1. So, in the range 178-204, how many residues would count as being touching a Lys or Arg at 6+ places or on another chain (Cβ under 7 Å) and closer than 20 Å to D294 by Cβ?
2. When the residues of the range 69-91 are filtered to those that are of a type in the set (A, V, I, L, M) and part of a helix (DSSP H, G or I), which remaining residue is nearest to S124 (Cα to Cα)?
3. For residues in the range 8-42 being of a type in the set (A, V, I, L, M) and in contact with a His (Cβ under 9 Å, 6 or more places away or on another chain), which is farthest from G241 (Cα to Cα)?
4. Which is assigned to a helix (DSSP H, G or I), touching a residue at least 60 places away in the same chain (Cβ under 8 Å) and of a type outside the set (V, I, T), of E19, E66?
5. Quick one: S123 ticks every box in (1) surrounded by fewer than 17 Cβ atoms within 10 Å (Cβ to Cβ); (2) at pLDDT 95 or above; (3) not in a helix (DSSP H, G or I) bar one, so which box is it?
6. Y258 versus (1) surrounded by fewer than 22 Cβ atoms within 10 Å (Cβ to Cβ); (2) in contact (Cβ under 8 Å) with a residue 24 or more places away in the chain: which is the lone unmet condition?
7. Looking at the range 23-35, I want the residues that are touching a residue at least 24 places away in the same chain (Cβ under 8 Å) and have a partner that is part of a loop (DSSP other than H, G, I, E, B) and not aromatic (F, W, Y) with Cβ atoms under 6 Å, at least 6 apart or on another chain. Which pairs are those?
8. Restricting to the range 113-142, and then to whatever is over 19 Å from the mean Cα position of the chain (by Cα) and free of Cβ contacts under 8 Å to residues at least 40 places away in the same chain, can you tell me which residue is farthest from the ligand (Cβ to nearest atom)?
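The values are calculated or read from the model by the stated rules, or taken from the named source; none is laboratory data. Remember, it's a predicted structure, so these values are computed and weren't measured experimentally. Note that we place each Cβ from the backbone using ideal geometry, even for glycine, and neighbour counts take in every protein chain shown.
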Amino acid sequence: MAILVTGGTGYIGSHTCVELLNSGYEVVVIDNLVNSKMEVVDIIKSITKKDFKFYQGDLLDIDIIEKIFNENHIDAVIHFAGLKAVGESVSIPLRYYHNNITGTLNLCNVMNKHNCKKLVFSSSATVYGVPKSVPIKEDFPLSTTNPYGSTKLMIEDILRDLYVSDNEWSIALLRYFNPIGAHSSGLIGDNPNGIPNNLMPYITQVAIGKLESLGVFGDDYDTHDGTGVRDYIHVVDLSKGHLKAVEKVIKEKGVNAYNLGTGTGYSVLDIVKAFEKSTGVKVNYKIMPRRAGDIAECYADPTKAKEELGWEAVLDIEQMCKDSWDFAKKNFK
Ligand code: WQD
């Protein structure tokens with residue numbers, strides 16, 4: 001049972017490869033290393049003591065996808081590969097649409113040609129736009145506020161249309177909330193190039209002394225303490241959700257969306273306090289103006305994933321903070 005993982009050396013992709021290999025799946029990875037590092041391949045092998053095939057390549061090159069399917073018997077695909085920085089997508093939308101949409105179309109066309117019609121797609125809570133209320137359910141209205149989110153919603157629509165055209169497809173659309181944390185080994189984690197956009201890698205770089213202080217983007221939102229509320233989920237829980245989704249698409253046909261979140265919202269200041277409490281390290285911060293495009297509150301109702309995938313997040317915010325800090329100490333020198 002070989003699973004092709006696109007973007008398998010990235011943050012969530014690498015953690016998912018670890019869970020797949022530990023569960024006995026044969027894994028094949030393609031990654032263009034635009035936002036990850038080659039050494040992650042050997043790190044995954046050392047964590048799991050398992051081997052797997054790695055192809056350095058880009059989904060915009062349809063020949064490399066053909067090569068993978070000609071050289072391997074792929075039973076299902078988990079598709080992570082894509083550009084994912086919200087702010088960057090606003091400044092270079094054409095690159096985002098081309099990379100994310102064309103890459104996915106190439107992948108699906110080759111899958112179709114090889115009669116591989118089981119797909120788990122890395123979507124995002126961003127497809128909910130500004131939610132009408134919280135917690136968010138999968139049948140809430142979908143809209144987006146930036147090109148990155150629009151690529152995710154467009155790909156969801158493409159995959160829904162693909163299923164309508166051919167009911168042999170089995171597709172799971174996984175809408176992630178805010179993944180943080182790292183594998184217990186501290187060897188893989190969220191290691192963005194440059195100044196982090198996301199909250200937790202920024203906090204850990206302040207805690208380790210690489211950055212001076214955290215800017216809290218706004219304290220005048222309609223939330224319990226005025227700062228933005230999000231549904232933070234441990235990346236290992238998130239990865240295990242992908243294995244449940246693989247089981248689902250192998251068993252049943254259809255196209256289904258699932259929220260992968262904890263169902264609990266934490267504010268920015270809640271996270272700062274939780275980080276300080278669980279690591280004993282102080283985080284300097286200062287209140288800054290709101291960040292353009294941010295929303296006040298976003299957290300999941302994860303009931304559908306529990307009922308239909310038999311999955312729920314189990315790791316708490318203290319573990320997320322501890323594992324994030326452990327990874328930072330070992331990698332952010
Ligand atoms: C979280 C909270 C910020 C940084 C984004 C994408 C989403 C997904 C996850 C891909 C917000 C606040 C942050 C900082 C801060 N990515 N913050 N200071 O924006 O919820 O989601 O990443 O799928 O699609 O939109 O995550 O970590 O950037 O922000 O105060 O330096 O932390 O305002 O309230 P976000 P984030």
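1. 1
2. Taking the candidates together, the pick is V86.
3. If we take residues in the range 8-42 being of a type in the set (A, V, I, L, M) and in contact with a His (Cβ under 9 Å, 6 or more places away or on another chain), then V18 is farthest from G241 (Cα to Cα).
4. Selected residue: E19, the only one of E19, E66 that is assigned to a helix (DSSP H, G or I), touching a residue at least 60 places away in the same chain (Cβ under 8 Å) and of a type outside the set (V, I, T).
5. All conditions pass for S123, except number (1).
6. Answer for Y258: the failing condition is (1).
7. Within 6 Å, the pairs are Y25/M1; V28/N72; V29/G8; I30/G57; D31/G7; D31/G8; D31/T9; N32/D58.
8. Ranking the candidates gives N115 first.
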